[in-house]
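Chemist: Below is one structure. I have some questions about it.
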Amino acid sequence: QVQLVESGGGLVQAGDSLRLSCAASGRTFSNYAMGWFRQAPGKEREFVAAISRNGGSTIYADSVKGRFTISRDNAKNTVYLQMNTLKPEDTAVYYCAGRHPMMSRFRADYNYWGQGTQVTVAS
């Protein structure tokens, strides 16, 4: 089992930045590719970004490319999502997720999920 706990969400203004963190415990963190997903009210959970086990490869949704950056620190068992130039449409609950071994854009591929952290971007 891998336990994931997100933090760092909050209420910000459009154009602001925010950094989310996801702390992992349980099995060896570096064995898992990690992803961030988000779910806005009334919408399905959607892919945001993912990172490979060693952090050498990343993929992003088109809607966040150039604004968001995913990274990880395997020594700290933590994955991050740096979000810049936030827009109201980024408002959602953000979830981190883990899977072994390869990163994926698909929600169904992930085995482990955190409880989510709310991000609200005011216009």
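Chemist: Please enumerate the residues belonging to segment 29-50 that are assigned to a strand (DSSP E or B) and of a type outside the set (Phe, Trp, Tyr).
Modeler: Listed by number, the residues that qualify are Ala33, Met34, Gly35, Arg38, Gln39, Glu46, Val48, Ala49, Ala50.
Chemist: I'd like the full set of residues that are farther than 17 Å from Leu20 by Cα and within 13 Å of the chain's Cα centre (by Cα), limited to segment 107-120.
Modeler: Step one: filter segment 107-120 for residues farther than 17 Å from Leu20 by Cα, giving 107-112.
If the condition is that a residue be farther than 17 Å from Leu20 by Cα and within 13 Å of the chain's Cα centre (by Cα), then Arg107, Tyr110, Tyr112 are the ones that fit.
Chemist: Quick test for you: out of Ala14, Ala24, Ala49, pick the one residue that is within 11 Å of the chain's Cα centre (by Cα) and over 15 Å from Gln118 (Cβ atoms).
Modeler: On the way: Ala14 fails: within 11 Å of the chain's Cα centre (by Cα); Ala24 fails: within 11 Å of the chain's Cα centre (by Cα).
One residue alone meets the criteria, Ala49.
Chemist: Considering each residue of segment 88-122, count those that are in contact with a Phe, Trp or Tyr (Cβ under 7 Å, 6 or more places away or on another chain) and more than 18 Å from Ser63 (Cα to Cα), and give that number.
Modeler: Residues meeting the conditions: 8.
Chemist: For segment 75-116, which residues satisfy the criterion of being among the charged types (D, E, K, R), open to solvent by less than 10 Å² (accessible area, probe 1.4 Å) and closer than 23 Å to Gly55 by Cβ?
Modeler: Within segment 75-116, no residue meets the criteria.
Chemist: What pairs come up if the first residue lies in segment 21-42 and is at positive phi and of a type in the set (Gly, Ala, Ser), the second is at pLDDT below 95 and part of a loop (DSSP other than H, G, I, E, B), and their beta carbons are under 6 Å apart, counting only those six or more places apart or on different chains?
Modeler: Matching pairs, first to second residue: Gly26/Gln1.
Chemist: Can you name the number of the only condition in (1) polar (S, T, N, Q); (2) open to solvent by less than 30 Å² (accessible area, probe 1.4 Å); (3) touching an Asp or Glu at 6+ places or on another chain (Cβ under 8 Å) that Gln39 fails?
Modeler: Answer for Gln39: the failing condition is (2).
Chemist: Restricting attention to segment 51-62, does a residue exist that is crowded, with 22+ Cβ neighbours inside 10 Å, assigned to a strand (DSSP E or B) and in contact (Cβ under 8 Å) with a residue 12 or more places away in the chain?
Modeler: The answer is yes; a qualifying residue exists.
Chemist: Out of all the residues in segment 11-28, is one or more assigned to a loop (DSSP other than H, G, I, E, B), surrounded by 15 or more Cβ atoms within 10 Å (Cβ to Cβ) and either modelled with pLDDT of 95 or more or aliphatic (A, V, I, L, M) (or both)?
Modeler: Within segment 11-28, none of the residues are assigned to a loop (DSSP other than H, G, I, E, B), surrounded by 15 or more Cβ atoms within 10 Å (Cβ to Cβ) and either modelled with pLDDT of 95 or more or aliphatic (A, V, I, L, M) (or both).
The values are calculated or read from the model by the stated rules, or taken from the named source; none is laboratory data. What you see is a predicted model; the values in this text were computed from it and never measured. Every residue, glycine as well, gets a Cβ built from its backbone with ideal geometry; the counts of neighbours run over all protein chains shown. When the accessible area is computed, the model is the full protein with side chains, heavy atoms only, and any ligands, DNA or RNA have been set aside. Shrake-Rupley method; radii C 1.70, N 1.55, O 1.52, S 1.80 Å.
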